[in-house]
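Trainee: I'd like to ask you about the structure that follows.
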Amino acid sequence: SLFENCAAVASGIEAALKYLGKKDSINVIAQAGDGGTADIGLQALSGMLERGHDILYVAYDNEAYENTGIQRSGLTPYGANTTTSPPGKKSIGNLRPKKPMIDIVLAHGIPYAATATVGYPQDLMSKVKKALKIKGPKFLHVHVPCPLGWVYTAELTVEIARIAGNTGLFPIVEFENGKLTRSRKIGKTRQ
């Protein structure tokens with residue numbers, strides 16, 4: 001499928017499985033990056049959620065278009081350094097706020113939405129298992145730091161992901177039927 005139509009393709013697959021009478025035995029999972037979710041894929045995602053397709057949509061967020069040259073995306077945080085929003089004498093970096101994807105998907109009235117991070121794989125796995133038991137559209141926003149764009153060595157990925165979650169830079173939350181049911185407490189901040 002094309003970069004921007006992951007949710008549309010998954011919607012077609014889910015509809016075909018229903019037509020064939022096989023939907024109850026097969027889970028449909030759509031996966032895309034931050035750009036394919038929050039930018040060029042937002043229309044297809046919105047349609048999937050609004051129509052109520054029984055799909056788990058997983059958005060992998062490394063906060064930039066990391067695989068095409070580290071350009072800013074709609075999920076790049078304010079002030080972040082990317083190749084299209086570099087800091088310097090005339091700029092602090094990205095001038096736009098990060099899109100509130102959880103708020104956007106919750107506005108569709110879906111039964112389940114959550115955030116997770118690769119820093120806590122057990123939490124991530126339990127949210128996937130939980131989501132797959134729920135009928136209707138589900139959304140999981142997964143924070144995935146990128147060594148190339150964030151300029152660190154790969155062995156620090158889990159530590160950096162945990163720091164982002166523990167400091168609230170990437171809030172870890174869970175919503176069921178529009179109500180906040182769990183949130184990770186913010187730990188001590190680091191200087």
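The values are calculated or read from the model by the stated rules, or taken from the named source; none is laboratory data. Predicted model, so just to flag it, every value in this text is computed and none were measured. Every residue, glycine as well, gets a Cβ built from its backbone with ideal geometry; the counts of neighbours run over all protein chains shown. Areas reflect the complete protein model, heavy atoms only, side chains present, ligands, DNA and RNA absent. Shrake-Rupley method; radii C 1.70, N 1.55, O 1.52, S 1.80 Å.
Trainee: How far apart, in nm, are the 7 Å Cα→Cβ label points at ILE26 and LEU148?
Mentor: A separation of 3.3 nm, rounded to one decimal place.
Trainee: May I pose another question? Among rounded, prolate and oblate, which fits the stretch 65-191 when a ≥ b ≥ c are the square roots of the eigenvalues of its C-alpha gyration tensor, a/c under 1.5 means rounded, and a/b larger than b/c means prolate?
Mentor: Values: a/c = 2.00, a/b = 1.58, b/c = 1.27.
Judged from the Cα gyration tensor, the stretch 65-191 comes out prolate (a/c at least 1.5, a/b above b/c).
Trainee: I'd like the antiparallel share, as a percent to the nearest 5, of DSSP beta bridges with both residues in the chain. Please report the intermediate quantities before stating the final value.
Mentor: Working: 10 of 28 bridges.
For the chain, the DSSP antiparallel bridge percentage is about 35.
Trainee: Let me ask something else. In square angstrom, what is the accessible area per residue of the stretch 55-191 with a 1.4 angstrom probe?
Mentor: On the way: 7510 Å² over 137 residues.
Accessible area per residue, the stretch 55-191: 55 Å².
Trainee: At a temperature of 20 °C and a viscosity of 1.002 mPa s, determine how fast the stretch 1-73 diffuses translationally according to Stokes-Einstein, using the Kirkwood radius over alpha-carbon pairs as Rh; express D in µm²/s, rounded to the nearest whole number. Intermediate values should be presented prior to the final figure.
Mentor: Numbers: Rh = 12.7 Å.
Estimated via Stokes-Einstein, D reaches 169 µm²/s.
Trainee: Another question, then. What does the net charge come to around ALA80 if you take all other residues with beta carbon closer than 11 Å to its beta carbon, with K and R at +1 and D and E at -1? Provide the component values of the computation, followed by the final result.
Mentor: Working: positive: ARG72, ARG96, LYS98; negative: GLU63.
Computed value for this residue: +2.
Trainee: Let me have the 222 nm mean residue ellipticity of the chain computed from DSSP H runs of 4+ only, each contributing -39500 (n - 2.57), with the sum over all residues rounded to the nearest 500. Provide the component values of the computation, followed by the final result.
Mentor: Numbers: 6 runs with 57 residues, N = 191.
Value at 222 nm, helices only: -8500 deg cm²/dmol.
Trainee: Please sort 124-135, 101-112 by packing, taking for each peptide the average over its residues of neighbouring beta carbons within 10 angstrom, highest first. Show your work: numbers first, answer last.
Mentor: Details: 124-135: 15.2, 101-112: 17.8.
Ranking, from highest mean packing down: 101-112, 124-135.
Trainee: A further question follows. To the nearest 0.05, how large is the calculated FRET efficiency for ALA107 and ARG162 if R₀ is 25 Å and r is the Cβ-Cβ distance? Walk me through the numbers before you get to the answer.
Mentor: Numbers: r = 29 Å, r/R0 = 1.17.
FRET efficiency, ALA107 to ARG162: 0.30.
Trainee: Also, quick follow-up: Label-point separation (nm) for LYS179 and VAL9, each offset 7 Å from Cα along Cα-to-Cβ?
Mentor: The answer from the label model is 3.8 nm.
Trainee: Quick one: if the Förster radius is 25 Å, what FRET efficiency do LEU132 and GLN71 give, using the C-beta to C-beta distance and rounding to 0.05? Can you show the working numbers first?
Mentor: Working: r = 33 Å, r/R0 = 1.32.
Once the sixth-power term is evaluated, E becomes 0.15.
Trainee: Further, regarding this structure: On the accessible surface of the stretch 97-191, probed at 1.4 Å, how many percent belong to carbon and sulfur atoms? The partial results should precede the final answer.
Mentor: On the way: 3270 of 5350 Å².
Answer for the stretch 97-191: carbon and sulfur cover 61 percent of the accessible area.
Trainee: Pairs LYS138/LYS179; LYS98/LYS135; LYS127/LYS185; LYS99/LYS135: which are spaced more than 24 Å apart, C-alpha to C-alpha?
Mentor: Numbers: LYS138/LYS179 14 Å; LYS98/LYS135 29 Å; LYS127/LYS185 17 Å; LYS99/LYS135 26 Å.
With Cα atoms farther than 24 Å apart: LYS98/LYS135; LYS99/LYS135.
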